[in-house]
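The values are calculated or read from the model by the stated rules, or taken from the named source; none is laboratory data. Fair warning: this is a prediction, and the values are worked out from it, not measured in the lab. Using ideal geometry, Cβ is built from the backbone for each residue, glycine included, and neighbour counts are taken over all protein chains shown. The protein model used for the area step is the full one, side chains on, heavy atoms only, and it has no ligands, DNA or RNA in it. Shrake-Rupley method; radii C 1.70, N 1.55, O 1.52, S 1.80 Å.
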Amino acid sequence: MSAARTDAATTHDSGEAAAVRVTGQDVEEREEGAAEAPTPTGENTRPEKALPKDAPAEEAASGVTGRFTRWRRVLAGALALLLIAAGAALFVRGQQIRDTPASANRALTDTAATDRVTADVSSALTTVFSYAPDTTAATKAAARRLLTGPALKQYAALFGQVEKQAADQELTLTTHVVRAGVTRLTGDSAHLLVFLDQVYEREGKAATSAPAQLSVTAHRQHGVWQIVDITSR
């Protein structure tokens, strides 16, 4: 009976050992199977979307392009404003130049008007400062037509003496305009600088000549230039 118990115990121990060995082997096989089993790919399984390797570079390039576009627009707007400001400044400056006394002086720009006033004044001076003993009356009459204002009054005061000398001394005066230049011409007013050559002749004596320089102011009336002021220089 003791031997039977011993055999039974031995058999029981051997069975538990075998069960342990079987159980361990099953665990190992299950773990290996679980490791080798593929991951299920059902409809609910969503693999992570892989990002392209160059995504950061593209995002950086896109940011740089955006900033460059914004700066280009800002610079274009600033340039447009500068051009407008420059145009306005040039316009104002042009107006100022046109309004200056120099730009109003037609002697610098209007050749025809300058030539006309030069011719009229030169002819008038030649006429009123040229006389002979028998032409003083004609010279006086011409002066009333060619001179006006202060110039006529001054001439009339002096010519009274000249008329008497011309008759007593048989004096002849011939005047030539050597050069005349218009220094200012605005509207109907002109200022001239005139150089004269005057030749005096007396009966029985040699002729003498003398230069003269005059500042002349002339006004245009009814299309004709008349001398209003004469100043000896």
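Before moving on, here are some points about what is shown:
- When residues in the range 136-148 are screened for being surrounded by 12 or more Cβ atoms within 10 Å (Cβ to Cβ) and over 24 Å from residue 204 (Cα atoms), 9 of them pass.
- Counted as qualifying within the range 111-179 are the helices (runs of 4 or more DSSP H) with 2 or more residues that are hydrophobic (A, V, I, L, M, F, W, C) and more than 57 Å from the chain's Cα centre (by Cα), namely 136-146, 149-169.
- Residues in the range 186-230 that are open to solvent by 60 Å² or more (accessible area, probe 1.4 Å), within 42 Å of the chain's Cα centre (by Cα) and among the acidic types (Asp, Glu): 188 alone.
- Residues of the range 173-185 satisfying the condition of being open to solvent by less than 80 Å² (accessible area, probe 1.4 Å) and in contact with a helix residue (DSSP H, G or I) (Cβ under 7 Å, 6 or more places away or on another chain): 175, 177, 180, 182, 185
- Taking every residue in the range 185-196 that is outside any strand (DSSP E or B) and pairing it with any residue that is open to solvent by 10 Å² or more (accessible area, probe 1.4 Å), at least 6 positions away or on another chain, the pairs with Cβ-Cβ distances below 7 Å are 188/219; 188/220.
- Enumeration of residues in the range 123-140 that are farther than 14 Å from residue 173 by Cβ and at pLDDT 95 or above: 123, 124
- Test: residue 116 is open to solvent by 70 Å² or more (accessible area, probe 1.4 Å), closer than 22 Å to residue 222 by Cα, basic (Lys, Arg) and in contact (Cβ under 8 Å) with a residue 60 or more places away in the chain: yes
- Cβ-Cβ under 8 Å pairs, at least 6 apart or on other chains, the range 149-172 side within 13 Å of residue 136 (Cα to Cα) and open to solvent by less than 90 Å² (accessible area, probe 1.4 Å), far side of a type in the set (S, T, N, Q) and assigned to a helix (DSSP H, G or I): 159/136; 159/139; 162/136; 163/136; 166/136; 167/136; 171/165
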